[in-house]
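Taking it in order: structure first as structure tokens, then the write-up.
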Amino acid sequence: MKQILILLLSLSISSSFAQEYFPTNTGVKSSKNKVYAFTNATIYVTPKQVVKKGTLLIKDGKVVAVGKSVSIPKEAQIINLDGKSIYPSFVDAYSTFGIEKPKKENSPGQKPQYDASRKGYYWNDHIRPDVDAFSEFKFDTKKAKELLASGFGVVNTHLEDGIMQGNGILVTLNPNSSDAYRILAKKSGNYLSFSKSVKSRQSYPTSRMGTMALLRQTYLDADWYANGNVKNTDLALEALNSNKNLSQIFNAGNYLDDLRADKIGDEFGIQYTIVGGGNEYERVNDIKATNATYILPVNFKKAYDVSNPFLANKISLSDMRAWNQEPSNPAILAKNKIPFSLTTYKLKNVKDFTTNLQKAIIYGLDKTTALEALTSVPASILKNDKIGNLKTGSYANFLITSGDIFDEKTTLYENWVQGDKNTINSMNIKDITGNYTFNINGLTYTMAITGEGAKQTAEIKKGEEKIKSKFSFADNWVNITLKDGDNFIRLTGQLNNKQLIGTVIDNNGNESQWTATYTSKIEDKKKDKKKENKAPEVVAVSFPNVGYGNATKPQKEIILIKNATVWTSENNEVLNNTDILIKDGKIAQIGTNLSSRGAKIIDGTEKYVTAGIIDEHSHIATSAVNESGHNSSAEVTIEDVVNPDDINIYRNIAGGVTSIQILHGSANPIGGRSAIIKLKWGENTDGMLYNNSPKFIKFALGENVKQSNWGDLNTVRFPQTRMGVEQVYIDYFQRAKEYDAQKKSGQPYRKDIELETLAEIINKERFISCHSYVQSEINMLMKVAEQFNFNINTFTHILEGYKVADKMKKHGVGGSTFSDWWAYKYEVNDAIPYNAAIMHNQGVTVAINSDDAEMSRRLNQEAAKLIKYGGLSEQEAWATVTINPAKLLHLNDRTGSIKVGKDADVVVWSGNPLSVYSKAEKTIIDGAIYFDIEKDLEKRKAIKAERAKLINMMLQEKIKGGKTQAPKKKTQKLFHCDTE
Amino acid sequence: MKIKHIYNILCFLFIGNIIAQQTPAPKQTEAYSIEGATAHLGNGEVIENSLIMFSDGKIKFVGSANMRIARMGTVINAKGKHVYPGFIAANTSLGLAEIDAVRATRDFDEVGSMLPHIRSIIAYNAESKVVETMRPNGVLMAQIAPRGGVISGTSSVVQLDAWNWEDAAIKTDDGIHMNWPQVFSRGRWWMGEDPGLKPNKNYQKSIDKLKEFFANAKSYLAGNKTPKNLPYEALQGVLNGSQRMFVHVSGEKGITDAVNICKELGVKNIVIVRGQEAEKVADLLKANNVPVILERAHRLPNGEDADYDRPFRAAKILTDAGILVGLGMEGDMERMSTRNLPFYAGTYAAYGLGKEKALQLITQNNAKILGVNDKIGTLEVGKDATLFISEGDALDMRTNILTAAFIQGRKISLESHQTKLWKRYSDKYKNQ
């Protein structure tokens, strides 16, 4: 039976949409008249070109003419659309329509895969620019109808899988046709994302920064390939090169990733169109600076169900804000003149598109921009001027509506695609709205019919008493069932000269005639509606947009700290009763009885003032830590993935920390490049990164890089022993040396980001901070470096540094260590808290670091332990968290001590900064106050108040019947060296 | 196989070699008088220029050095220094694991969920290298508790200078540790479930299982007890009040349920461990005499909106609410971090509690909560002479520098594997 049905279906399709030159065996050849004239309509030729009382003439699926005076040919069918509107059908530039997303295969118990599975393609399986959407496409009639009902006529669809996903195809949603006609462009748009292909288990890249590095290397290799430098065939690079001129559409997914994608594009002269995530409003200036066109989803969050206070407490203010602020994202982008289109992508249900679009309009999106976002903008993204407008020659893809398409009360009647009609709501349904009266068995009833089209409904009353009733209106017949007391009365009828006339059947089965007489028009309730449609209050965005964010970014001030005890971190110096003047972000003067007009005075009496703490080894404020897919990942950089919104930045400044090095983790012998930032809470990534930052890279030794504690499956990656680790280094440095020599020789060379980075090390332009534990490997790495004529800059952790402190001194390497961590794994068995003191006594520059988001906010206490363990003086101990890490980071000419001319990175402490009883009261960075213990109390109050406000708004939403979602607790991933 | 075997032997030999423990001090034969120090008694009192005398392992005198009284035995001049009762760490797993990442050394979590019969004391490694690093910081006693399961097992209180676990025991099988069922759970996102935090569907089921377990135990204990059931037997102590029930739980709802249901189950002495949000149910805790063993202060705030110093203020908040508060260890790197116990107290002191009250957390309060305050916890006549002398404030990293420590009157070594390496390598460089 099923087979027959399919057969019939295929027969009917082939017969009705057969191409002109195809033979026919199902009947005689017949052609359809495909000329239509739509008259008297308000026609949106483009969002800004509107013709009132105009005519749209279409023929064979294309617009032939449009305007006020169009001559209508005789063969045209004329459709009078008096009072109705015509819009171009919507275009969705980011779709997966008709192309199923592949499912990830579960492969428990398998060892990791490091090489690519595909042969003849690029070395990384997640680069799939060769995937052609056409070969994956299968028209999905059900989905097409859903999209048609939401106003879409054309979508650009693709296979959503991999980092480079291949090209898209431009398809109309015409279910009455075949792919032969529906596919408007076989190569339309080239798609990219930050997600790996689920079709491959290849490990690399495991991180966002690895993905970014991979994209860069791929572009470089494509260029190298295009110039004929590669002997083998690489179908992936060939496809990438041949699709270069298509629109490049990058699915980023949130504002931080939008910026990251754009950064890569800028480096290679590619302007991506960016699929955003809906939170672009948080840093709208940065978003504008990308110059990108955006594709925005409208999957606005549902309110959280906050009725259970235990659960409600777990939702963070930033998540509550997201619910409140997100619907204003399109409006804010529009106001900032950032071009964008809208997509149904990410919506669980396409039906929600219209509702959410209306919501965006209520939140301030103007209707012209909205229409552009659905027509002209996606058309221009896809470089196709025949869609998204109704100019002559364009596809006859258009919508017929009862009025303003963005009005909630408007009915979408028809969605024409390629000149074929798709009825969404019948246009021929009569308007029967009005107040009526009728009599049955001597009783008088009143009836108010409201609504539009098929959705017209009735409310029936007897006097003031509401009568239970069921009303339906279909095929222009009214059907009513009344329940008056215990009596059921059934009525049928049709409109006839403002009267409803028909048959009534009472409880006893008696039939008679009934007539409902029209008495008056339904009163317009528009005014009430308007009130409801007012956007609720949208709370202010802060920088960053989380609790404790700043309403405005802190500014440099002239600050005069009076009469404090100053630990300068210069030669163990302590200055009593001293004033410090801060101006233009620098330490301007140190002395007594200083004054400066207009300065903000901080009374330092009984307070201690120091340089800000510097953490040489941090993993906060980043979206990724390890790229563990290769044993060397010198090509990746943490600078790509800095997260300026991390609350741990605020917690760090509350502990007197002003600068940190965000290090790559220890998953591989050669890790990634560092980001060195100032903790300017509220700034964006660029505002935090040091200008002309010293260049660093993380290396690592020992158990982590040989995967000792990664489980029994991780036994295939080289190296698995310390012996292998040495060879990894020698191999890479040798290759880097040869690479550099070739580069300098002027001969053509394949640009390799990884080797470029390693060559920088050999050329003493980049410094190594190496995660290290036991003495043998520490010694080894120094010897490897010496073999290549450079020095290791810093050993970080360096828990057995005390065993080779003399060798370290001789080599000239510093040590950045924990105060007292040990016993968490085998290689830290001989870790001792006296390590720092012994290294210090041997003349090694020693810093105390954290590697931990909790410890980093009280590094002053960790430094104090050096007094207990090993007997350092207070000043020596203090240097290990200020000037010493500054030296190790090559920042000691800029920060790390209180010295005239240095950056004003200054902390005011309530007491001796090493004491467990002291608190950081003010943390100043570049002359601006970023943390103030008094302001912090105000922020707490503000958070409480704002939470209460948003919770009330969500409760309101729930009581109004809005959909809600279960509360979620934001769980922040806390990174350590060995975090995957 | 063969190679692995050899490897194990080698490993064993190697580990065997490097365990060079401090020799436990012999029984006190000589009396001591510590004179001139600032004595922090552990009960909130401070005596400047104090005199403390002890012999036969017990404290014989606590008072002012101005008293004209004969000094006993060896006189230690401690002018300018500070004397404290030995610190007590509650809820630790000291001696139950040596190196976190090495499975063979981990002995804190037994298979199964209802394990009141599991006893930590017999696995306690008195010769652990981690344990000996406690003493130079003033941590001289600890409760050794198992982890995992619903009922994890039975803990004991030990002193940290011993030949073996029998020697170490101050109070064997002091209490049973229970992990209260999770009130909220999140979906397993990796299985395609909504990752949102929601009420744990199995919460009631887990509680019902607990209730059933207790009901069965009670009927077993009321009957002729044959055949013998080890888990049920092990519950006798918490039902008759001779043992405490340490319920590990956080959150307003969880704590409330834990207290009410444990009472209903017939548990006499309840202690809440962890106890975040305990201040919200302070009245219930007070009414039922339930103390709280707080976590270490050095934690991140619970959630993005929480005050950055909220974990630092926890002890002050609970103490103000009238709750008896102690300090415990549980979580990441808990064993090696136990030596930082005084500094957690110091942090609580800095954030509102004040020094002497903060000191009480790890002395008198912990002793009371563990039920050993008749022997230890304060500098009072008749109690164990377990105490130490520090150059300065022992709650501050800068000044916690011990010059002498005594456990039950025995003058113990303040050396460790770590100080030995310190000296060995310092000497190496000196002699170069």
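We did not get these values from a lab; they are worked out from the coordinates using the rules stated. Predicted model, so just to flag it, every value in this text is computed and none were measured. Reconstructed Cβ throughout: ideal geometry from the backbone, glycine too, with neighbour counts over all protein chains shown.
Assorted remarks:
- Values of log10 I(q)/I(0), in the order q = 0.06, 0.10, 0.12 Å⁻¹, for chain B under a Debye, Cα-only, solvent-free model: -0.27, -0.74, -1.03
- Volume per residue of the convex hull around the Cα atoms, evaluated for the stretch A:630-892, comes out as 131 Å³.
- If you take the Cα centroid of the stretch A:135-207 and the Cα centroid of the stretch A:429-446, the two points sit 52 Å apart.
- Between residue A:787 and residue A:751, the C-beta separation translates, for a Förster distance of 35 Å, into a calculated FRET efficiency of about 0.85.
- Whole-number D in µm²/s for the stretch A:299-396 (Stokes-Einstein; Kirkwood sum over Cα pairs; 37 °C, 0.692 mPa s): 213 µm²/s
- Backbone geometry of the stretch B:262-269 corresponds, through the Karplus equation with coefficients 6.51, -1.76 and 1.60 at θ = phi - 60°, to 3J(HN,Hα) couplings of 4, 4, 4, 6, x, 6, 8, 10 Hz, x marking Gly and Pro.
- Computed FRET value (nearest 0.05) for residue A:534 with residue A:744, which takes r as the C-beta separation and R₀ as 51 Å: 0.15
- Neighbouring partner chain Cβ atoms per residue of A:538-550, average, 10 Å criterion: 1
- Per-residue mean of C-beta atoms belonging to partner chains within 10 Å, peptide B:100-108: 3
- Range of Cα positions in the stretch A:905-966 per principal axis (Å), largest first: 57, 27, 19
- Above-threshold pairs, the threshold being 19 Å between Cα atoms, out of B:129/B:423; A:199/A:706; A:680/A:935; A:969/B:286; B:60/B:368: A:199/A:706; A:969/B:286; B:60/B:368
- Calculated over the stretch A:571-615, the projected area of the Cα convex hull averaged across directions stands at 4.3 nm².
- Percentage of interatomic Cα-Cα distances in the stretch A:90-389 larger than 33 Å: 26 percent
- Pairwise centroid distance, computed over Cα atoms, of the stretch A:574-647 with the stretch B:139-169, Å: 44 Å
- For residues of A:823-835, the mean tally of beta carbons on other chains within 10 Å: 6
- For the peptides A:83-96, A:195-208, residues were scored by their other Cβ atoms within 10 Å and the scores averaged per peptide; the highest-first order is A:83-96, A:195-208.
- Computed FRET value (nearest 0.05) for residue B:206 with residue A:107, which takes r as the C-beta separation and R₀ as 41 Å: 0.80
- Each label was represented as a point 7 Å from its Cα along the Cα-to-Cβ direction; for residue A:522 and residue B:282 these points are 6.0 nm apart.
- Theoretical gain in end-to-end length, residue A:178 to residue A:735 [0.36 nm per residue, Cα-Cα removed]: 194.9 nm
- Computed label-point distance, nm, for sites residue A:308 and residue A:709 using a 7 Å Cα→Cβ extension: 3.5 nm
- Computed from the alpha carbon atoms alone, the convex hull of chain A holds 239 Å³ per residue.
- Overall form of the stretch A:235-350 per C-alpha gyration tensor (a/c, 1.5; a/b vs b/c): prolate
- Per-selection Kirkwood Rh - the stretch A:756-795 (Cα, Å, 1 d.p.): 10.4 Å
- Here the residues B:163, A:123, ranked from fewest to most Cβ neighbours within 10 Å of their Cβ, fall in the order B:163, A:123.
- Residue pairs, from the table A:302/A:919; B:228/B:263; A:111/A:142; A:62/A:301; A:288/A:314, whose Cα atoms sit over 31 Å apart: A:302/A:919; A:111/A:142; A:62/A:301; A:288/A:314
- Residue order, fewest to most beta carbons within 10 Å, for A:723, B:114, A:209, A:808: A:723, B:114, A:808, A:209
- Computed extension length for residue A:145-residue A:231: 26.1 nm, one decimal, from 0.36 nm per residue of separation with the Cα-Cα distance subtracted.
- Relative to the 2.2 N^0.38 Å rule of thumb, the stretch A:543-660 has a C-alpha radius of gyration ratio of 1.39.
- Residue A:875 paired with residue B:225, simple spin-label distance in nm, labels 7 Å along Cα-to-beta-carbon: 7.0 nm
- Ranking of A:730, A:677, A:480, A:613 by neighbouring Cβ atoms within 10 Å, starting from the fewest: A:730, A:480, A:677, A:613.
- A simple count of charges around residue A:623, restricted to other residues whose Cβ falls under 11 Å of its Cβ and scoring Lys, Arg +1 and Asp, Glu -1, yields -1.
- Put simply, the C-alpha atoms of the stretch A:639-758 give a gyration tensor, and the ellipsoid matching it has half-axes of 32, 23, 10 Å, longest first.
- Whole-number D in µm² s⁻¹ for the stretch A:434-530, Kirkwood Cα-pair radius fed into Stokes-Einstein, 4 °C, 1.567 mPa s: 93 µm²/s
- Positive minus negative residues near residue B:80 (Lys, Arg vs Asp, Glu; Cβ under 14 Å): -2
- Inter-part distance where the stretch A:848-922 and the stretch A:58-125 are each reduced to a Cα centre, Å: 59 Å
- The alpha carbons of the stretch A:834-875 stretch over 30, 17, 16 Å along the principal axes, in descending order.
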